[in-house]
């Protein structure tokens, strides 16, 4: 084992550095830190600590693994048997029984906990399902009870467009000389929306009953209503 420290040691090296340096010396052939070596050559205290660490590592490295003593193992077993026989008879009998009872009690608690969790989850699931079904039924009943909106006929769209066109023409004639730049901008926007509405009505004439053309006319009618409202508000302010 070895560790390399490239940075110069300006103070006393840490113990981890000394241990790494000692390991490098004990391993043999492993490069050591030049900075730590230079400090050790000048610091007797760190050199003494390194020597102690090195001796400990050498003793540890030279120690061999000891085989277990069979006689000692037998003595330990005999002593354990004697201690067991010295216990009261009811205590010796109660040992395995207590262990079995502990295991059975643990299994019972585990089974009870699992059954309780399943029961709680089942109840919660049924309540959630009932609430979901009730909500769906309520929405379906509300939709069924709501009266169906009467479809807007093309004649109604044309009548509304004609009314808005007359209102736009009236406002435009009355505003021959706009009073402010804002009013002029509102009138210009109203004229543009009127042209878009005429184009949408022409598309509906070419495609009678087309849902897309009908929706386009509705949108343009809404825009024209908003433009007329803006012009009226601008003029009354």
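Data overview
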read-out: Of all residues making up the range 177-192, the number that are assigned to a loop (DSSP other than H, G, I, E, B) and either at pLDDT 80 or above or touching a strand residue (DSSP E or B) at 6+ places or on another chain (Cβ under 7 Å) (or both); value: 0
read-out: Selection from the range 201-237 of residues that are under 27 Å from residue 182 (Cα atoms) and without any contact (Cβ under 8 Å) to a residue 60 or more places away in the chain; value: 219, 220, 222, 223, 226, 227, 229, 230, 233, 234, 236, 237
read-out: Selection status of residue 155, at pLDDT 65 or above and surrounded by 11 or more Cβ atoms within 10 Å (Cβ to Cβ); value: no
read-out: Matching residues in the range 1-52 - criterion: being outside any helix (DSSP H, G or I) and at pLDDT 90 or above; value: 43
read-out: Qualifying position, being exposed (fewer than 11 other Cβ atoms within 10 Å of the Cβ), modelled with pLDDT under 80 and under 25 Å from residue 227 (Cβ atoms), among 174, 148, 140; value: 174
read-out: Filter pass, residue 80 being part of a helix (DSSP H, G or I) and either exposed (fewer than 11 other Cβ atoms within 10 Å of the Cβ) or modelled with pLDDT under 75 (or both); value: yes
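The values are calculated or read from the model by the stated rules, or taken from the named source; none is laboratory data. Worth saying up front: this structure is predicted, and the values here are computed from it rather than measured. Neighbour counts are summed over all protein chains in view; Cβ atoms, including those assigned to glycine, are modelled from backbone coordinates with ideal geometry.
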